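Novice: Attaching a single structure in structure tokens format; questions to follow.
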């Protein structure tokens, strides 16, 4: 049971948010189970993408923006998109499956101003050459990309893992790998699989007209498979890593008590993890950054937070404990004194879902995107593309 | 001057971390204001249910204040107990009343129970007995009566709610002239644009997948123009009359983030002169510092008699700097004014729940959420749940495409 009073609720909202989102193509080189993006329009014209970036910045005041798809690395103008975003002083993050990522392309992206790349790697992707491999075995592939980006330098590395019932038990092992690689992996998102139920007891309406969900493509439904919660993922991770403690969250829009984002941040070096940041540090960082820069922080440009972070220990008991652990580690092995200190964030994400008859989105979602000059949740893009508006479900009684 | 969002602070409030919440004690009322969205369905509620709702709100929203509304809360027999319960649980009780039953005796009992603030809903559209056909300017006399009564009581803040229509928009300056002159007694005025369902021909609505019977719905208009006034329209009326006015903070719409659902203006002044407004940076500092110290956000300022220490923020906040220069200039010309106490007063422009281009546009970070059947809903949607089982959405297309039902 999570005690919400010990967590910081991010101060983000739709018009004042740390993040934004843009999609450059809906084509992809993989067909991952659970993907919510449909192949409808292919590569988008560059000017339309750039206009969406400007609109998104204007409407969300975002600090960073995700470049997504589809697979962005197959988009022919990806370097232009990254450069344009960096030119607007937005931190660009590419969400990719990694298939096209080479050291050469990484260097070009770095020159264009890419801040971070999040690689979607998990065992249900049917990734050629990795079929039938477990999540633990896929750490080898994750290591490959982490080393590649570390070699290039200057681009932060993150991972996305879609979590199913079969892969839930692997979360501690993936987390252990991440912790070992804190100097080269700055982020991992564990994303519970979700899809809208396509069952006779739920009717869907778009602009007041009943619609059939089949038009959104094949929507399998297994209630047990779409019910993994952020708390459940936290339970799995905590069982293997008792030192993991979330610091901040976003709640659900319809079910306020749900955790749509649950975020913990490790502090450590290549030689070991010292502890986690507490809610007070996250609050100080978000509030201070907003007071100074007029926007909320998406992520630090440099993951090397250094020892100065421990200055905030005066207000944060979690950080105080991490500092004490650091001092003990230094006393045992002085090499800790010269090791760089990093922050690594672990996100537990419970996406858009149908819960108790309502659509339960992430309240203050940081993946809002511009669509036809207005702001929508990126997870609902295909509802707008197919039906022209968001779909409203209703339980048939 | 158009509203420049980059010069305003977006309140960091969310559903789960919000300064306010809402509870209703009765749906009975001794007035029948046109445009009221509350229907008489259940009468006075059980005290135990109300207390359970208050505790659930506190747990789910982390709120520091609870608005007690209705219906008319002052006709609820256990109103003093409700106020005391909220105070006992470490929150500020705020009553929303039409004032008809507000007497010195009841006021004293409410103050002793811990009442923090009372809002009086007074406007010319109410058809209030004895005040029929009076203008908003005429109604300042009634507002003065209540403001004096609350000031005499001491220790309780006073606010007013005014629902605005196209017809009364032009009277906003007359209201604000009175409000500003009473800055020592009146801490808050909400100017609320009239909203309701557009009931013009051809409009149909549904809830929970069924077409609804809107003849049961009392808050709506067959004239779409009457329910489309925006915060910007109201702000323009304010700014025309008082050009130094600048909004400091806002809440946006849920479906249309570009809309301003709450637009907050904070005047600094004394009864003899308004010196200016507080800017976004001061509001941000107040919110951030309060949350860091107390673990919760704050709606408004703790002490309306804010004093000259506010000017310490002049180096940090452009609007406060401008106010300070006016204060300093006034002091040079009329030195006695330097001894006047300084107050802060909030003008809150609201554009409530509406359907825009087919989508329900609520207030993002709404501070009037309430407990309902164990969950949290926006209080403005309560009767959508009570009458139709869920939120109303617009139905398009030809009859028969939604499943018809009695609603």
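The values are calculated or read from the model by the stated rules, or taken from the named source; none is laboratory data. No experiment lies behind these values; they were computed from the predicted model shown. Note that we place each Cβ from the backbone using ideal geometry, even for glycine, and neighbour counts take in every protein chain shown.
Novice: Which of the residues belonging to region A:83-104 are within 15 Å of residue A:152 (Cβ to Cβ), surrounded by 15 or more Cβ atoms within 10 Å (Cβ to Cβ) and more than 18 Å from the chain's Cα centre (by Cα)?
Specialist: Residue satisfying the conditions is A:101 alone.
Novice: Residues of region A:120-141 being assigned to a helix (DSSP H, G or I) and either surrounded by fewer than 19 Cβ atoms within 10 Å (Cβ to Cβ) or in contact (Cβ under 8 Å) with a residue 40 or more places away in the chain (or both), which ones? Before the answer, list the steps.
Specialist: The first filter runs over region A:120-141 and keeps only residues assigned to a helix (DSSP H, G or I), leaving A:135-141.
A:136, A:137, A:140, A:141 - these are the residues of region A:120-141 that are assigned to a helix (DSSP H, G or I) and either surrounded by fewer than 19 Cβ atoms within 10 Å (Cβ to Cβ) or in contact (Cβ under 8 Å) with a residue 40 or more places away in the chain (or both).
Novice: Which residue is farthest from the chain's Cα centre (by Cα), if the candidates are limited to region A:369-397 and must be at the interface with another protein chain (Cβ under 8 Å from one of its Cβ atoms) and under 20 Å from residue A:50 (Cα atoms)?
Specialist: That would be A:374.
Novice: Can you tell which of A:98, A:132 is on the phi > 0 side of the Ramachandran plot and modelled with pLDDT of 95 or more? Walk me through it before giving the result.
Specialist: On the way: A:132 fails: modelled with pLDDT of 95 or more.
Checking each option against the conditions leaves just A:98.
Novice: Continuing with this model, one more query. So which residues in region B:206-246 are within 14 Å of another protein chain (Cβ to nearest Cβ) and touching a helix residue (DSSP H, G or I) at 6+ places or on another chain (Cβ under 6 Å), if there are any at all?
Specialist: Within region B:206-246, B:207, B:212 qualify.
Novice: Moving on. Are any residues in region B:27-41 surrounded by 14 or more Cβ atoms within 10 Å (Cβ to Cβ) and under 18 Å from residue B:165 (Cα atoms), and if so, which ones?
Specialist: If we filter region B:27-41 for residues that are surrounded by 14 or more Cβ atoms within 10 Å (Cβ to Cβ), which is where we start, we get B:27-29, B:31, B:33-39.
Once the filter is applied, which keeps residues that are surrounded by 14 or more Cβ atoms within 10 Å (Cβ to Cβ) and under 18 Å from residue B:165 (Cα atoms), region B:27-41 yields B:33, B:34, B:35, B:36, B:37.
Novice: Right, next: Check off (1) more than 10 Å from chain A (Cβ to nearest Cβ); (2) modelled with pLDDT of 95 or more for residue B:404 and give me the number that stays unchecked.
Specialist: Here residue B:404 meets the rest and fails (2).
Novice: While we're on this one: Can you find a residue that is modelled with pLDDT of 95 or more, assigned to a loop (DSSP other than H, G, I, E, B) and more than 28 Å from residue B:151 (Cα to Cα) anywhere in region B:91-111?
Specialist: no
Novice: What number goes with the only condition from (1) within 14 Å of chain B (Cβ to nearest Cβ); (2) over 22 Å from residue A:206 (Cα atoms) that residue A:332 does not pass?
Specialist: (1)
Novice: Please find, within region B:43-84, the residue that is nearest to the chain's Cα centre (by Cα) out of those that are under 21 Å from residue B:387 (Cα atoms), outside any strand (DSSP E or B) and free of Cβ contacts under 8 Å to residues at least 40 places away in the same chain.
Specialist: Result: B:50.
Novice: What residue, among those in region B:377-395 that are over 19 Å from the mean Cα position of the chain (by Cα) and assigned to a strand (DSSP E or B), is nearest to the other protein chains (Cβ to nearest Cβ)? Steps first, answer last, please.
Specialist: First, pick out the residues of region B:377-395 that are over 19 Å from the mean Cα position of the chain (by Cα): B:384-395.
With assigned to a strand (DSSP E or B) added as a condition, the list becomes B:392-395.
Details: B:392: 11, B:393: 6, B:394: 6, B:395: 4 Å.
Looking at residues that are over 19 Å from the mean Cα position of the chain (by Cα) and assigned to a strand (DSSP E or B), I get B:395.
Novice: Please go through region A:24-48 and pick out each residue that is surrounded by fewer than 23 Cβ atoms within 10 Å (Cβ to Cβ) and either within 14 Å of chain B (Cβ to nearest Cβ) or touching a helix residue (DSSP H, G or I) at 6+ places or on another chain (Cβ under 7 Å) (or both). Before you say what the answer is, go through the steps one by one.
Specialist: Residues of region A:24-48 that are surrounded by fewer than 23 Cβ atoms within 10 Å (Cβ to Cβ), as a first pass: A:26-48.
Of everything in region A:24-48, those that are surrounded by fewer than 23 Cβ atoms within 10 Å (Cβ to Cβ) and either within 14 Å of chain B (Cβ to nearest Cβ) or touching a helix residue (DSSP H, G or I) at 6+ places or on another chain (Cβ under 7 Å) (or both) turn out to be A:27, A:29, A:36, A:37, A:38, A:40, A:46.
Novice: Consider residue A:17 against the criteria (1) within 19 Å of residue A:375 (Cα to Cα); (2) away from chain B (no Cβ under 14 Å); (3) in a loop (DSSP other than H, G, I, E, B): it satisfies all of them except one. Which criterion is unmet?
Specialist: It is condition (2) that residue A:17 fails.
Novice: I'm trying to understand the selection: among the residues of region B:63-74, which are within 14 Å of chain A (Cβ to nearest Cβ) and crowded, with 22+ Cβ neighbours inside 10 Å?
Specialist: B:63
Novice: Within region A:339-360, count every residue that is touching a helix residue (DSSP H, G or I) at 6+ places or on another chain (Cβ under 8 Å) and surrounded by fewer than 20 Cβ atoms within 10 Å (Cβ to Cβ). Spell out how you get there, then give the answer.
Specialist: Quick first cut of region A:339-360, residues touching a helix residue (DSSP H, G or I) at 6+ places or on another chain (Cβ under 8 Å) only: A:341, A:343-344, A:346, A:348-352.
Now narrow it down to the ones that are surrounded by fewer than 20 Cβ atoms within 10 Å (Cβ to Cβ): none.
Matching residues across region A:339-360 total 0.
Novice: Return the residues of region B:206-231 that are assigned to a helix (DSSP H, G or I) and in contact with a strand residue (DSSP E or B) (Cβ under 7 Å, 6 or more places away or on another chain); say none if nothing qualifies. Working first, answer last.
Specialist: The first filter runs over region B:206-231 and keeps only residues assigned to a helix (DSSP H, G or I), leaving B:214-216, B:224-227, B:231.
B:214, B:224, B:227, B:231 - these are the residues of region B:206-231 that are assigned to a helix (DSSP H, G or I) and in contact with a strand residue (DSSP E or B) (Cβ under 7 Å, 6 or more places away or on another chain).
Novice: Sort through B:243, B:247 and tell me the only one that's more than 22 Å from the chain's Cα centre (by Cα) and closer than 30 Å to residue B:167 by Cβ. Spell out how you get there, then give the answer.
Specialist: Values: B:247 fails: more than 22 Å from the chain's Cα centre (by Cα).
Checking each option against the conditions leaves just B:243.
Novice: Any idea which residue in region B:1-42 is nearest to the other protein chains (Cβ to nearest Cβ), counting only those that are assigned to a strand (DSSP E or B) and within 17 Å of residue B:261 (Cα to Cα)? Full working, then the answer.
Specialist: Residues of region B:1-42 assigned to a strand (DSSP E or B): B:9-10, B:20-24, B:26.
Applying the additional criterion that residues be within 17 Å of residue B:261 (Cα to Cα) yields B:9-10, B:20-21.
On the way: B:9: 8, B:10: 4, B:20: 14, B:21: 11 Å.
Filtering first and then ranking leaves B:10.
Novice: Restricting attention to region B:300-315, report how many residues are surrounded by 14 or more Cβ atoms within 10 Å (Cβ to Cβ) and either without any contact (Cβ under 8 Å) to a residue 60 or more places away in the chain or within 14 Å of chain A (Cβ to nearest Cβ) (or both). Steps first, answer last, please.
Specialist: Our first condition is that a residue be surrounded by 14 or more Cβ atoms within 10 Å (Cβ to Cβ); within region B:300-315, this holds for B:300-301, B:304, B:306, B:310-311, B:313-314.
Still in the running and either without any contact (Cβ under 8 Å) to a residue 60 or more places away in the chain or within 14 Å of chain A (Cβ to nearest Cβ) (or both): B:301, B:306, B:310-311, B:313-314.
Residues meeting the conditions: 6.
Novice: Here is a further query. Being surrounded by fewer than 19 Cβ atoms within 10 Å (Cβ to Cβ) and touching a residue at least 60 places away in the same chain (Cβ under 8 Å) is the filter here; which residues of region B:203-218 pass it?
Specialist: Filtering region B:203-218 for residues surrounded by fewer than 19 Cβ atoms within 10 Å (Cβ to Cβ) gives B:203-204, B:213-216, B:218.
Result: B:203, B:204, B:213, B:216, B:218.
Novice: Scan A:293, A:260 and give me the residue that is within 14 Å of chain B (Cβ to nearest Cβ), within 15 Å of residue A:352 (Cα to Cα) and out of contact with any helix residue (DSSP H, G or I) (no Cβ under 6 Å at 6 or more places or on another chain). Please lay out each step first, then the result.
Specialist: Numbers: A:293 fails: within 15 Å of residue A:352 (Cα to Cα).
Residue meeting the stated conditions: A:260.
Novice: Then there's this: For residues in region B:179-202 being within 14 Å of another protein chain (Cβ to nearest Cβ) and at pLDDT 90 or above, which is surrounded by the most Cβ atoms within 10 Å (Cβ to Cβ)?
Specialist: Keep residues of region B:179-202 that are within 14 Å of another protein chain (Cβ to nearest Cβ), which gives B:197-198, B:202.
So of that shortlist, the ones also at pLDDT 90 or above come out as B:197-198.
Numbers: B:197: 22, B:198: 20.
Only one residue fits best here, namely B:197.
Novice: Return the residue satisfying two criteria in turn: it lies in region B:247-278 and is within 13 Å of another protein chain (Cβ to nearest Cβ) and in a loop (DSSP other than H, G, I, E, B), and of such residues it is surrounded by the fewest Cβ atoms within 10 Å (Cβ to Cβ).
Specialist: Checked region B:247-278; the qualifying residue surrounded by the fewest Cβ atoms within 10 Å (Cβ to Cβ) is B:258.
Novice: Tell me, yes or no, whether region B:284-299 has at least one residue that is away from chain A (no Cβ under 12 Å), under 18 Å from residue B:90 (Cβ atoms) and not in a helix (DSSP H, G or I).
Specialist: Looking for residues that are away from chain A (no Cβ under 12 Å), under 18 Å from residue B:90 (Cβ atoms) and not in a helix (DSSP H, G or I), one finds at least one in region B:284-299, hence yes.
Novice: Moving to a separate point now. Regarding region A:323-337, can at least one residue be identified that is under 13 Å from residue A:278 (Cα atoms), buried (at least 17 other Cβ atoms within 10 Å of the Cβ), under 27 Å from the mean Cα position of the chain (by Cα) and touching a residue at least 24 places away in the same chain (Cβ under 8 Å)?
Specialist: Within region A:323-337, the first condition is being under 13 Å from residue A:278 (Cα atoms), and the residues that meet it are A:323.
Now narrow it down to the ones that are buried (at least 17 other Cβ atoms within 10 Å of the Cβ): A:323.
When the remaining residues are screened for being under 27 Å from the mean Cα position of the chain (by Cα), the result is none.
Checked region A:323-337: no residue is under 13 Å from residue A:278 (Cα atoms), buried (at least 17 other Cβ atoms within 10 Å of the Cβ), under 27 Å from the mean Cα position of the chain (by Cα) and touching a residue at least 24 places away in the same chain (Cβ under 8 Å).
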